[in-house]
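To start, the structure under review is shown below, and the notes come after it.
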Amino acid sequence: MDKKSVWKWGLLGLLIVGSLALVTPVKQKVKLGLDLQGGISFVVAVDRDELARMVREEQSDLSEAELEAEVTRMIEDSQSIVVEVIRNRVDTIGIAEPSIFPRGPERIIVQLPGVSEDKQNEARSSIMSVALLEFRLVHLNSSEWSKELFEKGVAPRGFKIGDAAAGYYVRDYDAVADEDMDREFWANQRTFQQKPRAEFMMMRRQDQVSQAMTYIPYYIETRTQLTGDALKNARLEYGQMNDPRIALEFNSKGAREFAQVTKDYGPRGERNLDREEGRQLAIVLDGTLYSAPVIRTPILDGRAEITGVFSAREATRLVNVLRAGSLPVPVKIMEERQVSPSLGRDSIESGVQAAMYGAIAVVVFMLLYYRMAGIAANVALFLVVLLMPVGMWVSAGFLAILSGSTEAGSVGLPVITMPGIAGLVLTIGMAVDAAVIIFERMREEQEAGKSVQTAVQAGYEKAFSAILDSNVTTLLTAVILFWQGSGPIRGFAVVLCAGILVSMLTALVYMKMFLQGGATLFKLERYNMMKFVSSSNVDFLGKRYLAIGLSLVLIVGSWVMFFQRGDENFNVDFTGGTSLIFRFDDRQPIEVVRDALTGAGFENAMIQYERDIAIEEGGKHGEMLDIRVSYDQGDEAREFLLSNFSDAGFELVQTESIGPQIGAELKRSGVIAIVLAMVGIVIYLSLRFEFAFAIGAIVAIFHDVLISVGLYTALGYQISLPIVAALLTIVGYSVNDTIIIFDRIREDLKLMKQKTFAEVCNISINQTLSRTILTSFTTLITVSMLLVFGGGAINDFALILVIGIIAGTYSTIFIATPVALLWHREEKPASGGAAVKAAGKPAKAKA
């Protein structure tokens, strides 16, 4: 074994260990998205219109431009405050592992996995309400009463004594789980070891050494001294020793009230005459104690400072809490998506089945078709699956940095979603594409009489450029998809990106080692393979006008239907509105449901049935009913349908409520993503080949997108966010096949100097025909498994991918190359081997 092989095997071992470490133990490390475990998510924003109205009332002399600028500034400044308020409220509801983070300058994403319907309603109402900030005194006997708790060895429910001498508790997860710590739990806790005119609270602090979360008990007076409306501003500052401190500024009314409190309860104050030390003033937000600073001196000018031993992070959090009290406007929910746990479980089962059957089908095909070489490809495929966790970790971090987002993931795996599982299934099919390209090149070298080792080496050398170019273009679309996408669509982009990186590593490095080692170990003279197309000499370019005519008929016919359907082509992701999806025992005719809804005032409701991934499971029918109403009618329609069709066993399993503004933005970002992908591909192919080839590829992409969207909507399906992801995948995948032919044309231009450009193109298409069909076929195998075993959105996702892959294979042969030919007509490559420029571009030369 040479030195190069040693470090390659060592690297593989490290990657495998790292990959396993990322998923072990599975229950702790692998986090499922809402679509897989059920739950609810919101897109929240400060109400811009209400804020503008309030600013206009206070500053009536502002121009429209100045008003807009001021509102934008206030929204950007308040985002971190709203995040803290929402996080505090969600914690008091009792939801395990909520995810709350900002997206962009104005939006906040709230994801609450695995919550019951009651908690969903409570979360919705809590998010919409205004924060309550209170300044209350810590009871004079708080220290004595807290000390008695530890002496007695008692702890509030859900906690246990951490260190009696230090005076703090820690969580007892065995006694009470996070999801059981709801609003009623916290209300009951305030009466723990009840004392007169005081409430029991605990202040959370992270130990600076062990980083463990501790809880310090306090008894807080029930009387409120000041509320948040007295506070004008709070900001983080640093002292001379770089220690963080919080500067407070009160409004005129608040300054007077705060001055009176500090005079009364400061050292030797009017209500604290017998004490050398001032009283502690507790800062309480929505019933949660955040800090209890000591009043050191009377403060008469409305400006105060909080100092103490806390980290910059804790200080920032406290600033946000204080500013939350002066936050004058409520937030509004712009988007809401809800999935029942039962539908989530079914999604997991269908995704696992599709991945398993897809992998089995690909493995069997590679064994039958490529035999010994197929074994090497299957081992490489196993490595792809094994290394996907570390690939996803790297991809998530890279994409997060590239987009300036914190959503993709940090140290650990990104959240697994159903589109992510679909991306894994697609990766299994695409992972063997490189193997097919290499094996077909090896076949040609073996047929030319070369030895097996030489054939392997030459096959890799000649296949490398096609593999690199095709994967770079797909990677480009994955990056754009993550940049412009959101939520589960980003999960799909992460998995697709990881699949590309990992499959390239295994195919280009380790599969080559397997092939070379296998040939030596088994003393092979050649790698025997089946041959799908022994030899072909079809005049594909001669049939281009017939093919173009067929494409025009399909495009024009399907798009006439598209424009006739209008907004019915788009689901609520793009039109805005509320989608309610029900399972049922008895299928109701659409006319009956429509008449009932119309009679109840829902005149413009859209109603359709779709396939259920859990056919006949639990007595439910093998379909789901999707009903779409306007955005503000969702709650009323839900209650009406559940009560009016209770005899039919209606069960709500999914809700999506998208505001009109969000819908318009999603539609715009979808178009931008596709346009950017095309522009990027034009630039890349122009650099790697020449502009004529780039235009041919773009025309083929337009063809594939138009065919895919036209036929998909003609079948009665609607375009959603996952469908935009599928279209971008089609864009990247369509270029893959096109690049295989373009790469061969580039090579043949050097060798066939006496033939016209058209003749060279036709020969190249025939030479790569087997490769083109096989790469599409292996991907179709896995996508077909999604189509068969998927349900709902994934079934739709797989259907448009099937259409797109078939259209992409067709356009590679009949669209892309003929368009590139328009730039060259009857030209011949230049003599003397100058057909390809230094940058790899075929040069124009007159015959």
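The values are calculated or read from the model by the stated rules, or taken from the named source; none is laboratory data. As the structure is a prediction and not an experimental result, all values here were calculated from the model. A quick note on method: Cβ atoms are made from the backbone with ideal geometry, for glycine too, and the neighbour counts reach across all protein chains shown. Each accessible area value is taken on the protein alone, full model and side chains, heavy atoms only, with ligands, DNA and RNA left out. Shrake-Rupley method; radii C 1.70, N 1.55, O 1.52, S 1.80 Å.
Considering Glu314, Glu305, which residue is under 21 Å from Gly228 (Cα atoms) and either outside any helix (DSSP H, G or I) or among the basic types (Lys, Arg) (or both)?
Glu305 is the lone residue from the list that is under 21 Å from Gly228 (Cα atoms) and either outside any helix (DSSP H, G or I) or among the basic types (Lys, Arg) (or both).
Hey, does segment 256-277 have a residue that's of a type outside the set (A, V, I, L, M) and part of a strand (DSSP E or B)?
no
State whether one or more residues within segment 136-154 are part of a helix (DSSP H, G or I), over 33 Å from the mean Cα position of the chain (by Cα), of a type in the set (Val, Ile, Thr) and farther than 19 Å from Glu335 by Cβ.
Scanning segment 136-154, I find no residue that is part of a helix (DSSP H, G or I), over 33 Å from the mean Cα position of the chain (by Cα), of a type in the set (Val, Ile, Thr) and farther than 19 Å from Glu335 by Cβ, so the answer is no.
Right, Thr779: of a type outside the set (Phe, Trp, Tyr), buried (at least 22 other Cβ atoms within 10 Å of the Cβ), at pLDDT below 90 and within 21 Å of Leu541 (Cβ to Cβ) or not?
no
Give just the number: which of (1) touching a residue at least 24 places away in the same chain (Cβ under 8 Å); (2) open to solvent by 50 Å² or more (accessible area, probe 1.4 Å) does Arg87 not satisfy?
(1) is the only condition that Arg87 fails.
Ile100: over 30 Å from Leu580 (Cβ atoms), crowded, with 17+ Cβ neighbours inside 10 Å and of a type in the set (A, V, I, L, M, F, W, C), yes or no?
When the stated conditions are applied, Ile100 does not pass them.
Does Ser465 count as at pLDDT below 95 and in contact with an Asp or Glu (Cβ under 6 Å, 6 or more places away or on another chain)?
For Ser465, the condition - at pLDDT below 95 and in contact with an Asp or Glu (Cβ under 6 Å, 6 or more places away or on another chain) - is met.
Answer yes or no: is there a residue in segment 374-387 that is modelled with pLDDT under 90, assigned to a helix (DSSP H, G or I), open to solvent by 10 Å² or more (accessible area, probe 1.4 Å) and among the aromatic types (Phe, Trp, Tyr).
no
Based on this model, can you work out whether Gln654 counts as of a type outside the set (A, V, I, L, M, F, W, C) and outside any helix (DSSP H, G or I)?
The answer is yes for Gln654.
With the requirement that a residue be open to solvent by less than 40 Å² (accessible area, probe 1.4 Å) and at pLDDT below 90, what does segment 261-283 give you?
Gly269, Asn272
Does segment 789-800 include one or more residues that are part of a helix (DSSP H, G or I), at positive phi and modelled with pLDDT under 85?
yes
Could you tell me whether any residue of segment 446-458 is touching a helix residue (DSSP H, G or I) at 6+ places or on another chain (Cβ under 6 Å), β-branched (Val, Ile, Thr) and open to solvent by 20 Å² or more (accessible area, probe 1.4 Å)?
No, segment 446-458 contains no residue that is touching a helix residue (DSSP H, G or I) at 6+ places or on another chain (Cβ under 6 Å), β-branched (Val, Ile, Thr) and open to solvent by 20 Å² or more (accessible area, probe 1.4 Å).
Just a yes or no: is a residue in segment 758-775 more than 28 Å from the chain's Cα centre (by Cα) and within 28 Å of Ser558 (Cα to Cα)?
yes
Inspect all residues belonging to segment 731-746 and state whether any of them is under 22 Å from the mean Cα position of the chain (by Cα), crowded, with 23+ Cβ neighbours inside 10 Å, among the aliphatic types (A, V, I, L, M) and closer than 24 Å to Tyr357 by Cα.
No - not one qualifying residue is present in segment 731-746.
For segment 585-627: of the residues being outside any strand (DSSP E or B), at pLDDT 85 or above and of a type in the set (Asp, Glu), which is nearest to Ser350 (Cα to Cα)?
Selected residue: Asp585.
Confirm whether Gln240 is within 29 Å of Arg183 (Cα to Cα), without any contact (Cβ under 8 Å) to a residue 40 or more places away in the chain and either in a loop (DSSP other than H, G, I, E, B) or in contact with a helix residue (DSSP H, G or I) (Cβ under 7 Å, 6 or more places away or on another chain) (or both).
Taking the combined requirement at face value, the residue does not satisfy it.
Looking at segment 12-66 only, could you name the residues that are among the aliphatic types (A, V, I, L, M), open to solvent by 70 Å² or more (accessible area, probe 1.4 Å) and over 30 Å from Ser116 (Cβ atoms)?
Scanning segment 12-66 gives Leu14, Val17, Leu20, Ala65.
Do we find a residue being more than 30 Å from Tyr173 (Cα to Cα), touching a Ser or Thr at 6+ places or on another chain (Cβ under 9 Å) and polar (S, T, N, Q) anywhere in segment 216-230?
For segment 216-230, residues more than 30 Å from Tyr173 (Cα to Cα), touching a Ser or Thr at 6+ places or on another chain (Cβ under 9 Å) and polar (S, T, N, Q): absent.
From the list Leu580, Leu546, which residue is closer than 22 Å to Phe702 by Cβ and either modelled with pLDDT under 95 or not in a helix (DSSP H, G or I) (or both)?
Of the residues listed, the single one that is closer than 22 Å to Phe702 by Cβ and either modelled with pLDDT under 95 or not in a helix (DSSP H, G or I) (or both) is Leu546.
In segment 102-128, which residue that is among the small types (Gly, Ala, Ser) and more than 14 Å from Glu84 (Cα to Cα) is modelled with the highest pLDDT?
Per the stated criteria, the residue is Ala123.
Quick one: count up the residues across segment 338-360 that are open to solvent by 60 Å² or more (accessible area, probe 1.4 Å) and at pLDDT 75 or above.
6
Out of curiosity, is Val699 of a type in the set (Val, Ile, Thr) and modelled with pLDDT of 85 or more?
yes
Restricting the search to segment 709-730, which residues are open to solvent by 20 Å² or more (accessible area, probe 1.4 Å) and over 23 Å from Leu552 (Cα atoms)?
Leu721, Pro722
Out of Val138, Val170, report the one residue that is touching a strand residue (DSSP E or B) at 6+ places or on another chain (Cβ under 9 Å), of a type in the set (A, V, I, L, M) and open to solvent by 10 Å² or more (accessible area, probe 1.4 Å).
Val170
Out of all the residues in segment 195-221, which are outside any strand (DSSP E or B) and modelled with pLDDT of 90 or more?
The answer is Pro196, Arg197.
Would you call Ala507 within 29 Å of Asp704 (Cα to Cα), open to solvent by less than 90 Å² (accessible area, probe 1.4 Å), at pLDDT 90 or above and in contact with a helix residue (DSSP H, G or I) (Cβ under 9 Å, 6 or more places away or on another chain)?
Taking the combined requirement at face value, the residue satisfies it.
Can you confirm whether Ala820 is assigned to a helix (DSSP H, G or I), farther than 30 Å from Glu759 by Cα, at pLDDT below 90 and of a type in the set (Gly, Ala, Ser)?
Spelling it out, it is not the case that Ala820 is assigned to a helix (DSSP H, G or I), farther than 30 Å from Glu759 by Cα, at pLDDT below 90 and of a type in the set (Gly, Ala, Ser).
Residues to consider are Ile627, Ile658; find the one that is open to solvent by less than 30 Å² (accessible area, probe 1.4 Å), under 26 Å from Glu568 (Cβ atoms) and in contact with a Gly (Cβ under 8 Å, 6 or more places away or on another chain).
After applying the criteria, what remains is Ile658.
Looking only at segment 549-589, count how many residues are open to solvent by 20 Å² or more (accessible area, probe 1.4 Å) and touching a His at 6+ places or on another chain (Cβ under 9 Å).
4
Which one is nearest to the chain's Cα centre (by Cα), of the residues in segment 48-75 that are at pLDDT 80 or above and acidic (Asp, Glu)?
Asp49
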